Amino acid sequence: APPSGPSTTGCAADVGTAAGADAVSAAVAAAGGPVRMVVQAVGLPPTGPLDAIDPDALGATVALKVGGLLRLVRAVDTQLVGGSRIVALGGHYGSEPSPDACAAGVTNAALANLVRQLAVAYGPRGVTAHLVAPGPVDTPRMRGLAAAAARRRGVAVEKVLAERAAESPLGRLVTPEEVAWTVTTLLAPQADALHGATLALDAGARRGLF
């Protein structure tokens with residue numbers, strides 16, 4: 001953080017590879033100063049529903065998202081200080097399994113486990129770890145997946161989008177701005193109390209108590 005206030009350092013890198021992690025490490029070292037927050041947001045490639053998914057695709061998505069988080073954290077480890085945040089974006093299918101989102105469910109469940117492990121490992125250093133798990137978010141990627149599902153089912157894409165929105169008692173999708181607000185809020189000192197927690201940002205779509 002420079003004297004004028006916190007800044008954001010961008011870096012184009014594939015955290016699914018060791019070279020990508022090295023690029024991140026070099027970027028934060030060049031920026032100087034501690035890393036206040038590191039955020040991983042990985043969009044998984046389309047893999048199909050349970051009855052059609054290639055079993056090897058499960059390993060590939062876990063390696064990309066879960067292994068990628070571990071590479072990212074290691075890349076910035078020396079720049080993390082007391083009060084730094086580790087944040088991963090998952091999804092509510094990690095706790096609400098759906099055969100229509102096989103890879104997302106398996107991968108995000110594994111991601112939640114890794115975040116808890118990071119919480120135990122980094123907590124003594126005053127570094128907190130958090131998982132933000134949105135429900136369906138109104139993004140171009142989500143609309144593309146809805147279009148693919150509509151073609152597969154032979155229905156209009158509007159029907160699929162309406163079904164996704166209806167998963168929430170509010171009858172709407174989560175917005176990217178709401179996800180950004182949640183991540184930014186984790187910078188507050190009070191967010192220490194959310195260390196290791198999964199924040200279910202799904203507008204009430206989850207039905208489970210925990």
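The values are calculated or read from the model by the stated rules, or taken from the named source; none is laboratory data. The shown structure was predicted, so the numbers you read here are calculated from the model rather than taken from an experiment. In this analysis, Cβ positions are derived from the backbone assuming ideal geometry, glycine residues included, and neighbour counts consider all displayed protein chains. For the accessible areas, the whole protein counts, side chains as well, though only heavy atoms, and no ligand, DNA or RNA atoms are used. Shrake-Rupley method; radii C 1.70, N 1.55, O 1.52, S 1.80 Å.
Structure notes:
- Length gained when the stretch Ala162-Ala60 is fully extended (0.36 nm per residue, less Cα-Cα span): 33.7 nm
- Note on Ala27 and Leu50: the model spin-label points, each 7 Å out from Cα along the C-beta direction, lie 3.7 nm apart.
- Two-site FRET efficiency, Val155 against Asp77, from Cβ-Cβ distance with R₀ of 41 Å, rounded to 0.05: 0.30
- Against the chain, whose longest principal axis is taken from its Cα atoms, helix 18-31 shows a tilt of about 50°.
- Helix 55-76 vs. the chain, principal-axis angle (Cα, 0 to 90°, nearest 10): 20 degrees
- Surface accessible to a 1.4 Å probe, Thr47 within the full protein complex, Å²: 40 Å²
- Solvent-accessible area per residue, Å², over region 27-178 with all protein chains present [probe radius 1.4 Å]: 48 Å²
- Percent carbon-and-sulfur accessible area, the chain, ignoring ligands, DNA and RNA, probe 1.4 Å: 62 percent
- Cα-projected label distance for Ala148 with Asp14, points at 7 Å along beta-carbon direction, nm: 1.8 nm
- Between helix 157-166 and the chain: long-axis angle, C-alpha atoms, 0 to 90°, nearest 10: 60 degrees
- Phi angles of region 168-174 translate, via the Karplus equation with coefficients 6.51, -1.76, 1.60 and θ = phi - 60°, into HN-Hα couplings of 8, x, 7, x, 8, 8, 6 Hz per residue; Gly and Pro are given as x.
- A Gaussian network model of the chain, with springs between Cα atoms under 10 Å, assigns the largest mean-square fluctuation among Gly123, Gly105, Gly135 to Gly123.
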